[in-house]
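Asks: The structure's right below; bear with me while I get my questions together.
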Protein chains: 2
Amino acid sequence: MNSLAYALLSMLVRKSCTGYELSQFLETFWQAKHSQIYPLLKKLEHADMLTFVYEHQTAKPDKKIYTITPKGKEVLSEWIGTKPSPPVSRDEFLIKAYAIWLTESETAIELFNERIDFYQKKIDFRIGIIAEIELQYGKQLLDPKASHFGRYILFKRKLKLEQDEVEWCQWVLSIIENFTDQSI
Amino acid sequence: MNSLAYALLSMLVRKSCTGYELSQFLETFWQAKHSQIYPLLKKLEHADMLTFVYEHQTAKPDKKIYTITPKGKEVLSEWIGTKPSPPVSRDEFLIKAYAIWLTESETAIELFNERIDFYQKKIDFRIGIIAEIELQYGKQLLDPKASHFGRYILFKRKLKLEQDEVEWCQWVLSIIENFTDQSI
DNA sequence: GTGGACATGTAATTGGTTACATGATTAG
DNA sequence: CTAATCATGTAACCAATTACATGTCCAC
């Protein structure tokens, strides 16, 4: 049972999904590849934590809809109370930012602008989802026992993170541009 | 050449270090284990990007001090301008936060409080380092061509991240505690 | 006609963690 | 007397990515 397994269970406890859907929803945590998800689902099924039914589709490939079992729900619930292992974030951009003093300012400016674009797209997407959740649930969002609570607080956190990243990039860009002006 | 290799080069271009020191400094990016660092340093040395000298020590084990070569510096500089691969952050705690609606509020409160402690320690450490950097370099920090620039902007970003995490946890805690009061 | 969405799977390879191995010194 | 710091290394194992594989429909 690795953390990806728990991530899958935590999504399936809210609603039954296919592996394909899970690989998309998993963006919330991190982007796992389908080649890792499909074998894991099979493993969880063999461990009696999931069951599945085939759904035949014409024009589209058939799909397997996975549902969590009582055992799966129990395993997940017990895991929540255990001490989480420390977060790891591997971000190549940060290495480049650290070594940015080695490059020309044009290279640096381009790098930071691309970072802004990358996160701006995420922000737009995130704002849309949050608006949707707020519209649908309203005041109920303050109920920590409701199944959408976790999703809501998580999206709020992600949004802040992404907005801060853009702000920070703009701050760095202002320093670089300022300095470039001075040396002309 | 994976991203860890570039992370090592980006630290060594600032100053020569031992593998042991690198494993500590690498906290800035992520915590790589020594079992991954030592073989990589050897590989980079064979690729003529690093050289090393032995330093004999009494009372302490001998050490190997690695220095970047012109080739290593060139490889690193060219890499900076290339498109960075998207960031990955694996955070078990976020899965637990997502599924928090399944647990008792005491469990939830404990989980979030431990998260705050974890990040508060990081904040204290980070503020110390930033103060040190600011004291030592002052106005020069606005020079993007100075070797401490990258380190400075990176630490500023990390600090904001860590402070936001604590704020977010406190916000979630306030919702949970509020709700628990109501249901008594 | 080309690329993307839908949908699932396996195989090969690389990346990363845990465990094994050694050994002196110092602080609590 | 026990744990931590300094210091380097290998081996075994697990996790994750890339590549291989298949097939239809729809939009541009």
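Values in this text are rule-based calculations from the coordinates and carry no lab data. This is a predicted model, so every value here is computed, not measured. Every residue, glycine among them, receives a Cβ derived from its backbone with ideal geometry; neighbour counts consider all protein chains shown.
Asks: Given charges of +1 on the Cβ of Lys and Arg and -1 on the Cβ of Asp and Glu, with all other atoms neutral, how large is the dipole of region B:94-156 about its Cα centre, in debye to the nearest 20?
Replies: On the way: 9 positive and 9 negative charges, 99 e Å.
Computed charge dipole of region B:94-156: roughly 480 debye.
Asks: Let me ask something additional. Between A:GLU27 and A:GLU74, what FRET efficiency comes out of the Förster formula 1/(1 + (r/R0)^6) with R0 = 22 Å and r the beta carbon distance, rounded to 0.05?
Replies: Values: r = 27 Å, r/R0 = 1.22.
My answer for the efficiency is 0.25.
Asks: In whole Å, how far is the Cα centre of region B:97-139 from that of region A:86-158?
Replies: So the two Cα centres are separated by 18 Å.
Asks: Per-residue HN-Hα couplings for region B:47-56, Karplus 6.51 cos²θ - 1.76 cosθ + 1.60 at θ = phi - 60°, whole Hz, x for Gly and Pro?
Replies: So the Karplus estimates, Gly and Pro as x, are 8, 6, 9, 9, 10, 9, 10, 7, 10, 7 Hz.
Asks: List the distances, in nm to one decimal, from the label point of A:PRO86 to the label points of the same position in every other copy, shortest first, placing each label point 7 Å from Cα along the Cα-to-Cβ direction.
Replies: 2.7
Asks: When ranked by the protection proxy of mean other Cβ atoms within 10 Å per residue, highest first, what sequence do the peptides A:82-89, B:41-48 form? List each step's numbers first, then the result.
Replies: Values: A:82-89: 13.4, B:41-48: 15.4.
The densest-packed peptide leads the list: B:41-48, A:82-89.
Asks: Averaged across A:144-156, how many Cβ atoms of other chains sit within 10 Å of each residue's Cβ atom?
Replies: Details: counts 13, 10, 2, 3, 1, 10, 11, 4, 2, 10, 7, 1, 3.
Across the residues of A:144-156, the mean count of other-chain Cβ atoms within 10 Å is 6.
Asks: Follow-up question, since we're still on this one. Let me have the 222 nm mean residue ellipticity of chain B computed from DSSP H runs of 4+ only, each contributing -39500 (n - 2.57), with the sum over all residues rounded to the nearest 500. Walk me through the numbers before you get to the answer.
Replies: On the way: 7 runs with 115 residues, N = 184.
Rounded to the nearest 500, it is -21000 deg cm²/dmol.
Asks: List, shortest first and in nm to one decimal, how far the label point of B:GLU45 (7 Å from Cα along Cα→Cβ) is from its counterparts in the other copies.
Replies: Inter-copy label distances (nm, one decimal, shortest first): 5.0.
Asks: Classify chain A from the C-alpha gyration tensor, please: rounded if a/c falls under 1.5, else prolate or oblate depending on whether a/b exceeds b/c. Show your work: numbers first, answer last.
Replies: Values: a/c = 2.31, a/b = 2.02, b/c = 1.14.
Note, shape of chain A comes out prolate.
Asks: Which whole-number percent is the relative contact order of region B:21-113 (Cα, under 8 Å, 6+ apart)? Don't skip to the answer; put the middle values down first.
Replies: Details: 48 pairs, mean separation 13.3, N = 93.
Relative CO of region B:21-113 lands at 14 percent.
Asks: Shifting gears a bit: Just which residue of chain B brings its Cβ nearest the axis of rotation onto chain A, and by how many angstrom, rounded whole?
Replies: So the closest residue, with its distance, comes out as B:SER89, 2.
Asks: Now for a different question. Quick one: dipole size for the protein assembly as shown, taken about the Cα centre, charges +1 on Lys/Arg Cβ and -1 on Asp/Glu Cβ, in debye to the nearest 20. Don't skip to the end; give the middle numbers.
Replies: On the way: 48 positive and 50 negative charges, 176 e Å.
Here the size comes out at about 840 debye.
Asks: Any idea what log10 I(q)/I(0) is at q = 0.11, 0.12, 0.15 Å⁻¹ for the protein assembly as shown, Debye with uniform C-alpha scatterers and no solvent?
Replies: -0.91, -1.04, -1.35
Asks: Measure nothing fancy, just the Cα-based angle from helix B:149-182's long axis to the longest principal axis of chain B, in degrees from 0 to 90, nearest 10.
Replies: 20
Asks: Further question: Below 10 angstrom from the Cβ of B:VAL88, what's the summed charge of the other residues (Lys, Arg +1; Asp, Glu -1)?
Replies: Working: positive: A:ARG90, B:ARG90; negative: A:ASP91, A:GLU92.
Counting the neighbours of B:VAL88, the net charge comes to 0.
Asks: Dipole of region B:53-160, Cα-centred, from +1 at each Lys and Arg C-beta and -1 at each Asp and Glu C-beta, to the nearest 20 debye?
Replies: Values: 19 positive and 15 negative charges, 127 e Å.
Charge dipole of region B:53-160: 600 debye, to the nearest 20.
Asks: Related question: If you add up the charges near A:GLU45, with Lys and Arg at +1 and Asp and Glu at -1, over every other residue whose beta carbon is less than 13 angstrom from its beta carbon, what do you get? Write out the running numbers ahead of the final one.
Replies: On the way: positive: A:LYS42, A:LYS43, A:LYS64, A:LYS71; negative: A:ASP48.
Computed value for this residue: +3.
Asks: Across the residues of B:72-82, average count of Cβ atoms on other protein chains within 10 Å? Provide the component values of the computation, followed by the final result.
Replies: Numbers: counts 0, 2, 1, 0, 5, 5, 2, 5, 13, 9, 4.
Mean partner-chain Cβ count within 10 Å for B:72-82: 4.
Asks: Something else about it: Which net charge results for the neighbourhood of B:GLU27, defined as the other residues with beta-carbon distances under 11 angstrom from its beta-carbon, given Lys and Arg at +1 and Asp and Glu at -1? Could you put the intermediate results ahead of the total?
Replies: On the way: positive: B:LYS122, B:ARG126, B:LYS158; negative: none.
So the environment of B:GLU27 carries a net charge of +3.
Asks: Please label the shape of region A:3-80 as rounded, prolate or oblate, based on the square roots a ≥ b ≥ c of the eigenvalues of the alpha-carbon gyration tensor (a/c under 1.5 means rounded; beyond that, a/b larger than b/c means prolate, else oblate). The partial results should precede the final answer.
Replies: Numbers: a/c = 1.95, a/b = 1.35, b/c = 1.45.
Because a/c hits 1.5 or more and a/b fails to exceed b/c, region A:3-80 counts as oblate.
Asks: Please label the shape of region A:92-183 as rounded, prolate or oblate, based on the square roots a ≥ b ≥ c of the eigenvalues of the alpha-carbon gyration tensor (a/c under 1.5 means rounded; beyond that, a/b larger than b/c means prolate, else oblate). Intermediate results must be reported in sequence, preceding the final value.
Replies: On the way: a/c = 3.83, a/b = 3.20, b/c = 1.19.
Judged from the Cα gyration tensor, region A:92-183 comes out prolate (a/c at least 1.5, a/b above b/c).
Asks: Next question, about the same structure. Enumerate the calculated ³J(HN,Hα) couplings along region B:130-136 in order (Karplus 6.51 cos²θ - 1.76 cosθ + 1.60, θ = phi - 60°), each rounded to whole Hz, writing x wherever the residue is Gly or Pro.
Replies: For region B:130-136, the Karplus curve yields 4, 4, 4, 4, 5, 5, 6 Hz.
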